[in-house]
């Protein structure tokens, strides 16, 4: 006997409290307009610059459930749409996260979508244009997205390659929002708000981050992200010495190269 498994309730993904987010431009207004018009959204920007927090904030602002999928090399179309499973001797269809989001009128956020296998982008194409449908070929169902549903995805253009890049056929279906690290004053404010660290220490952390970002392409793939600065500040707030906190939360996260580690640690020692 074939039957449908229970669909998870939307409430399991709703944010009751406002996730802290500091806007850097018109991204909130653009996202709201895209959502109202049934347009999918693409977030572009480096790791740790606030894309995921932005999505959490928008889900709270729009009062919609948020379902986040962290994409990886082994993620397939079936992982997103669903598959048949044998439970208790019965064959049961289990919706994947994308199908659940469509059924529930949720926001589905595909984080770092270029990391997923190529067949996943083919699946999202009908959802990302005027059709707004999800073909469920294995069960012969065509899911129509309700007006509340929103498809969003992110990727880091800094890691583009021939094998891991978005095709134009995918990219041109989306409204794009570009994210970057905030300016120094705003980044300092974010660190203070997130961690309770004093202004002077937060200011030094921002200076340290800017130094590491200047090393991008000169030994580092990426400089210190706002997320890493928050991690270091939280360690400091818990009594860890600043140089140790910077080494553990930032330098070690950026590189394994001994020479680059020494260079980054020297930068933090010069400030702290």
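Could you sort 187-197, 166-176 so that the peptide with the highest average Cβ count within 10 Å comes first and the rest follow in order?
Descending packing order for the listed peptides: 187-197, 166-176.
Note the angle between two axes, namely the Cα long axis of helix 199-213 and the longest principal axis of the Cα atoms of the chain, as a number of degrees from 0 to 90, rounded to the nearest 10.
So the inclination is approximately 70 degrees.
Can you give me the Rg/Rh ratio for the chain, using Cα atoms for both radii and the Kirkwood formula for Rh?
Reported Rg/Rh (Cα atoms, Kirkwood Rh): 1.03.
Please report the spacing between the Cα centers of region 193-272 and region 106-130 in Å, no decimals.
Spelled out, the Cα-based centre of one part sits 34 Å from the other.
Just to be sure I understand the model, the point goes 7 Å from the Cα along the line to the Cβ. What's the resulting residue 243 to residue 210 distance in nm?
2.3 nm
For the peptides 37-45, 252-260, what is the packing order when you average, over each peptide's residues, the other Cβ atoms within 10 Å and list the highest mean first? Working shown, then result.
Numbers: 37-45: 19.4, 252-260: 13.7.
Ranked by mean Cβ neighbours within 10 Å, highest first: 37-45, 252-260.
Once you have the Cα-Cα distance between residue 76 and residue 47, take 0.36 nm times their residue separation minus that, and quote the gain in nm to one decimal.
Contour length minus Cα-Cα distance gives 8.2 nm.
By how many nm would the segment from residue 30 to residue 184 grow when fully extended, if each residue of separation counts as 0.36 nm and the alpha-carbon distance is taken off?
Net length gain for the segment: 53.0 nm.
So how much slack lies between residue 271 and residue 141, counting 0.36 nm per residue of separation and subtracting their Cα-Cα distance, in nm?
Additional length available on full extension: 40.8 nm.
Compute the long axis of helix 51-62 from its Cα atoms, compare it with the longest principal axis of the Cα atoms of the chain, and write down the angle in degrees, 0 to 90, nearest 10.
60 degrees
Counting only C-alpha contacts under 8 Å and six or more residues apart, can you give the relative contact order of region 59-200 as a whole percent?
Reported relative contact order: 22 percent.
For the pair residue 167 and residue 94, what calculated FRET efficiency results from E = 1/(1 + (r/R0)^6), where r is the Cβ-Cβ distance and R0 = 25 Å, to the nearest 0.05?
On the way: r = 29 Å, r/R0 = 1.17.
Working from the Cβ atoms, E equals 0.30.
I'd like to compare 226-236, 141-151: which one has the highest average count of other Cβ atoms within 10 Å, and what's the full order after that?
Packing proxy ranking, top to bottom: 226-236, 141-151.
Considering the chain as a Gaussian network with a 10 Å cut-off on Cα pairs, which listed residue, 247, 154, 238, attains the greatest mean-square fluctuation?
With Cα springs under 10 Å in the chain, the top fluctuation among 247, 154, 238 is at 238.
Counting other beta carbons within 10 Å of each Cβ, put 35, 93 in order, fewest first.
Values: 35 22, 93 17.
Fewest-to-most Cβ neighbours within 10 Å comes out as 93, 35.
Taken together, the values in this text are just the output of simple stated rules run on the coordinates, not laboratory data. These numbers come from a predicted model, not from an experiment. Here the Cβ is made from the backbone with ideal geometry for all residues, glycine too, and neighbour counts use every protein chain on show.
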